[in-house]
Amino acid sequence: MLVAVVFWLFVAAAAVQFFFLVYVFPRLTFHRADAAPNTDLQPVSVLVAAHNELPNLRELLPLLQNQNYPDFEVIVLDDRSNDGTNGFARDCIAAFDRVRFVHIKETYSHITPKKYAITVGVKQAKHNIILLTDADCRPESDGWIGRMVAQLPADKEIVLGFSPYEARPGFLNSFVRYETFYTALQYFSLALAGSPYMGVGRNLLYRKSIFLKNRGFFSHINVVGGDDDLLMNEIATAANTAVCVHPDAFVGSSPKETWGAWFTQKKRHLSVGKYYKTRHKVVLGLLSGSQVLTWALGVFLLTQPAPTRAVVGALLGGRLLVLWLVHALANRKLGSRADWYTLPFYDFLTVFYVGFMAITSFLNRKNRVTWK
């Protein structure tokens, strides 16, 4: 009796997985990178929040200054930096005529520092189109601004972009690149399926007007993090959101180099998930839960007698082949930033990763996380 219950739970979980693999995720694979591009290249304000990021700003600002776009400004939101950023700002005025610095000298108890910095930047922006990135990011072409704006026709207010991590040696880097790819696969595919739920602030565009209409980060103003995904979870809809997966619009970022630093980053990211809309938590819970159950129950059922073992083996093998194909094609769409041959292994490893993060998030739920 117990084996029968477990078997049907496994079948249900596998069915959910096949639904995502066959119906949802291929939407990214077959999405045209420049479908119906907008040719009205309106002026743009690029915002960069920075706290003690002087070395990164030295590398980033020339790349932003030299973007091939007719009308844009760059606003560096210098959040209480004490590393010489203020002096650098004075020295670089002549070299970077499109760049201006806004120096933020204090914080407020009612709002987290990064959200305050971005709010100040949005309000001081000269233009209605806001494009965000971080100081440790690097646009991968001089057409970044143009490609993002090209996906913003008059009836859209948000464009979700992709920000992959740099490839470096080591297992941690390989897994981080996979996890970043898989996250992008989810938020791009669900957005294309009519259910946008998040974006990443390393490469995100929205109209100033929708930010102000939403009263900025008001509903989650004290939550550390969420300046990108919680805001998108609130304001993004099927009607107002587009995606941009053109390679010229990618913004690379430096990955964490130690497990401890990466864990702290992920804990901050995952801590905001509980504030998502209920329908998004249900969808993501089904995706993650069905993945865990498919592997966990499947491995258990492979120890059962031949008829059950044969059916379960066929479903597990079929899912793995479909997953490998779908993920590999989506990975190629996103510039092959994950190692294609690792995709099935990391799918299995994600079961342990999800379990570990769930347990540690629960045990540390009262501990405060910080931005900088």
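The values are calculated or read from the model by the stated rules, or taken from the named source; none is laboratory data. Keep in mind that this is a model prediction, so the values were computed, not measured. A quick note on method: Cβ atoms are made from the backbone with ideal geometry, for glycine too, and the neighbour counts reach across all protein chains shown.
Some notes on this structure:
- Residue list for region 220-230, filter: closer than 15 Å to residue 206 by Cα, outside any loop (DSSP other than H, G, I, E, B) and touching a Gly at 6+ places or on another chain (Cβ under 8 Å): 229
To keep it simple, each residue is scored yes or no on (1) surrounded by 14 or more Cβ atoms within 10 Å (Cβ to Cβ); (2) free of Cβ contacts under 8 Å to residues at least 12 places away in the same chain.
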position	(1), (2)
248	yes, no
259	no, no
269	yes, no
278	no, yes
281	yes, yes
309	no, yes
315	yes, no
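- Subset of region 32-46 (residues that are of a type outside the set (Ser, Thr, Tyr), in contact with a helix residue (DSSP H, G or I) (Cβ under 8 Å, 6 or more places away or on another chain) and modelled with pLDDT of 90 or more): 42, 44, 46
- Among the residues listed as 260, 298, 313, 318, the single one being of a type outside the set (A, V, I, L, M, F, W, C), assigned to a helix (DSSP H, G or I) and closer than 26 Å to residue 226 by Cα: 260
- Where residue 167 falls short, out of the listed (1) among the hydrophobic types (A, V, I, L, M, F, W, C); (2) buried (at least 21 other Cβ atoms within 10 Å of the Cβ); (3) farther than 25 Å from residue 221 by Cβ; (4) out of contact with any Ser or Thr (no Cβ under 8 Å at 6 or more places or on another chain): (2)
- Of all residues in region 1-19 being within 11 Å of residue 312 (Cβ to Cβ) and under 31 Å from the mean Cα position of the chain (by Cα), the one that is surrounded by the most Cβ atoms within 10 Å (Cβ to Cβ): 10
- Residue within region 16-26 that is in a loop (DSSP other than H, G, I, E, B), closer than 14 Å to residue 149 by Cβ and out of contact with any strand residue (DSSP E or B) (no Cβ under 8 Å at 6 or more places or on another chain) present: no
- For the condition within 30 Å of residue 182 (Cα to Cα), of a type in the set (S, T, N, Q) and buried (at least 16 other Cβ atoms within 10 Å of the Cβ), residue 45 qualifies.
- Residues within region 51-98 that are within 19 Å of residue 121 (Cα to Cα), within 28 Å of the chain's Cα centre (by Cα) and among the aliphatic types (A, V, I, L, M), tallied: 9
- In the set (1) part of a loop (DSSP other than H, G, I, E, B); (2) surrounded by 18 or more Cβ atoms within 10 Å (Cβ to Cβ); (3) without any contact (Cβ under 8 Å) to a residue 40 or more places away in the chain, the condition left unmet by residue 69 is number (3).
- Boolean, residue 186 is assigned to a loop (DSSP other than H, G, I, E, B) and farther than 30 Å from residue 109 by Cβ: no
- Pair list, Cβ under 7 Å, 6 or more apart: region 194-219 residue assigned by TED's automatic domain parsing to the domain that holds residue 137 and within 25 Å of residue 143 (Cβ to Cβ), other residue among the aromatic types (Phe, Trp, Tyr) and assigned to a loop (DSSP other than H, G, I, E, B): 203/162
- Taking the numbered list (1) touching a Gly at 6+ places or on another chain (Cβ under 8 Å); (2) of a type outside the set (Lys, Arg); (3) in a loop (DSSP other than H, G, I, E, B) in turn, residue 205 passes all entries but (3).
- Scanning region 235-246 for residues that are surrounded by fewer than 19 Cβ atoms within 10 Å (Cβ to Cβ) and either out of contact with any Gly (no Cβ under 6 Å at 6 or more places or on another chain) or closer than 18 Å to residue 111 by Cα (or both) yields 235, 237, 239, 240.
- Residue 323 touching a residue at least 60 places away in the same chain (Cβ under 8 Å) and over 16 Å from the mean Cα position of the chain (by Cα): yes
- Of the residues making up region 126-137, those that are surrounded by fewer than 20 Cβ atoms within 10 Å (Cβ to Cβ) and modelled with pLDDT of 95 or more number 3.
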